[in-house]
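The structure appears below as structure tokens.
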Amino acid sequence: MGNRVLVTGGAGYIGSHTAVELINGGYEVIIVDNLSNSDRSSLEGIRKITGIEPTFIEADCCDREAMRRVFENYEFDSVIHFAAYKAVGESVAEPAKYYRNNLDSFLTVLELMKEFGRNNILFSSSATVYGDADTLPVTELTPRKPATSPYGNTKQMAEDILRDMVAANEGLKGIALRYFNPIGAHPSALIGELPRGVPNNLVPYITQTAAGVRECLSIFGDDYDTPDGSCLRDYIDVVDLARAHVVAIERMVEGKSRERYEIFNIGTGRPVSVFELVRGFEEANNLKLNYRVAPRRAGDVTAVWADTTLANDELGWRAERELRDTLRAAWAWEQSVRQ
Ligand code: UFG
């Protein structure tokens, strides 16, 4: 049972890449997903890449009875909880939807873990919990500033819920991974990000513009206090990010955690500007992108990137893929979706 992992949201972007890395690492994967922002095709992608069909249950993590059946029917010691809404702008317009879904789903999973004596929980957190940090790069000890959106609030609150649940339950161990900006796709181009409607994030907008689905990329602001005036972010390849989950699960399963609740930044440690990313995409894929400078986007912080020392030292993990390869994979995936 130690090598079985329940992956909520496992049909989604980061979840599907993590399922692949888990399976490649010898784990048996059980996916629960309500397909509200994902597609069954990712399950087929996982099967093609690994040769193994993960167990799939279509269910909503807020549905306690459906989730109880999952816990009754499957033995697993570890859970990775990805299932959540993630659109920052939408969370500002519909906060209740975000608080209800993102917190209720997590509480339901945690309560069932307690009831069924399941021990290890890995939570998808985000660099968004740092808000507009005073010092850069951010370490795990950098104080969290007020989140700039209800989405960000749900990540801060969920971290606190996890900390408190672990403190109150002897058997429980938890890890929160704070992702920076996940981008790219599996090099096979069999799984990747499938944004619904107009993409909010930079790389899907870039690839859709290159594919002719969008006319022109807007670069939100060139008057920030940064070397080229555009915002700085830490873009982490989704496969590198997925690998971090496998080592974090291993750490808990093998009893190597130093504390029962731990937090790790998962990024490259390298700030990249929007202009650099656009140029990098053009060079990696040998094409020209149609873009223009537009006003700043509300809620964007000027710069955030990770100090990854803790993940390097404690997890023995580091980002390995070159940005150029990541941007090639992102474009290959976009082209495969358009075929
Ligand atoms: N950007 C553009 N044009 C676009 C989209 C984005 O110029 O069309 C810029 C943004 O202004 C920002 C950078 O590209 O400077 C990255 O933007 P993303 O939307 O890709 O990513 P964010 O850094 O805004 O968001 C990420 C995660 C969220 C998280 C947030 C805050 O996607 O989950 O960081 O830390 F909440």
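For residue 57, are the conditions met, namely being closer than 27 Å to residue 187 by Cα, of a type in the set (Val, Ile, Thr) and assigned to a helix (DSSP H, G or I)? It is false that residue 57 is closer than 27 Å to residue 187 by Cα, of a type in the set (Val, Ile, Thr) and assigned to a helix (DSSP H, G or I). Taking region 107-141 as the range and being away from the ligand (no atom under 16 Å from the Cβ) and part of a helix (DSSP H, G or I) as the test, the residues that pass are 107, 108, 109, 110, 111, 112, 113, 114, 115, 116. Could you tell me whether any residue of region 48-65 is surrounded by 15 or more Cβ atoms within 10 Å (Cβ to Cβ), more than 23 Å from the chain's Cα centre (by Cα) and hydrophobic (A, V, I, L, M, F, W, C)? No, there is no match, as no residue in region 48-65 is surrounded by 15 or more Cβ atoms within 10 Å (Cβ to Cβ), more than 23 Å from the chain's Cα centre (by Cα) and hydrophobic (A, V, I, L, M, F, W, C). On the stretch given as region 66-97, residues that are more than 20 Å from residue 194 (Cβ to Cβ), within 20 Å of the chain's Cα centre (by Cα) and among the acidic types (Asp, Glu) total 0. Restricted to region 122-135, and to residues that are in contact (Cβ under 8 Å) with a residue 60 or more places away in the chain and buried (at least 17 other Cβ atoms within 10 Å of the Cβ), which residue is nearest to residue 260 (Cα to Cα)? It comes out as 122. The number of residues in region 297-313 that are touching a residue at least 60 places away in the same chain (Cβ under 8 Å), on the phi < 0 side of the Ramachandran plot and not β-branched (Val, Ile, Thr) comes to 8. Taken as a whole, region 298-306 holds at least one residue that is over 25 Å from residue 160 (Cα atoms), modelled with pLDDT of 95 or more and within 14 Å of the ligand (Cβ to nearest atom). Summed over region 196-208, the residues that are more than 9 Å from the ligand (Cβ to nearest atom) and either within 18 Å of residue 283 (Cβ to Cβ) or without any contact (Cβ under 8 Å) to a residue 12 or more places away in the chain (or both) give a count of 2.
In region 267-317, of all residues being out of contact with any Phe, Trp or Tyr (no Cβ under 9 Å at 6 or more places or on another chain) and basic (Lys, Arg), the one that is farthest from residue 246 (Cα to Cα) corresponds to 292. A residue that is free of Cβ contacts under 8 Å to residues at least 40 places away in the same chain, closer than 24 Å to residue 306 by Cα and among the hydroxyl-bearing types (Ser, Thr, Tyr) cannot be found anywhere in region 174-186.
Can you pull out the strands (runs of 3 or more DSSP E) entirely within region 198-310 that have at least 2 residues that are buried (at least 17 other Cβ atoms within 10 Å of the Cβ)? Full working, then the answer.
Values: elements: 217-220, 235-237, 261-266, 291-294.
Qualifying strands (runs of 3 or more DSSP E): 217-220, 235-237, 261-266.
Just one of the listed residues (236, 249, 183) is hydrophobic (A, V, I, L, M, F, W, C), within 23 Å of the chain's Cα centre (by Cα), within 10 Å of the ligand (Cβ to nearest atom) and farther than 17 Å from residue 297 by Cβ, and it is 183. Would you say residue 96 is farther than 20 Å from residue 71 by Cα and touching a residue at least 60 places away in the same chain (Cβ under 8 Å)? Criteria not met by residue 96.
For residue 175, are the conditions met, namely being within 30 Å of residue 329 (Cα to Cα), of a type in the set (Val, Ile, Thr), crowded, with 22+ Cβ neighbours inside 10 Å and away from the ligand (no atom under 15 Å from the Cβ)?
Values: within 30 Å of residue 329 (Cα to Cα): yes; of a type in the set (Val, Ile, Thr): yes; crowded, with 22+ Cβ neighbours inside 10 Å: yes; away from the ligand (no atom under 15 Å from the Cβ): yes.
Yes, satisfied.
Looking only at residues of region 1-40 that are part of a helix (DSSP H, G or I) and of a type outside the set (Val, Ile, Thr), we find that the one that is surrounded by the fewest Cβ atoms within 10 Å (Cβ to Cβ) is 24. Among the residues of region 69-93, which ones are loosely packed, with under 15 Cβ neighbours inside 10 Å and either within 16 Å of the ligand (Cβ to nearest atom) or without any contact (Cβ under 8 Å) to a residue 60 or more places away in the chain (or both)? Listed by number, the residues that qualify are 69, 72, 73, 89, 93.
Against the list (1) assigned to a loop (DSSP other than H, G, I, E, B); (2) surrounded by 15 or more Cβ atoms within 10 Å (Cβ to Cβ), the condition residue 43 fails is (1).
The values are calculated or read from the model by the stated rules, or taken from the named source; none is laboratory data. Everything numeric here is computed off the predicted structure, so don't read it as measured data. Heads up, the Cβs are rebuilt from the backbone with ideal geometry, glycines too, and the neighbour counts pull from every protein chain shown.
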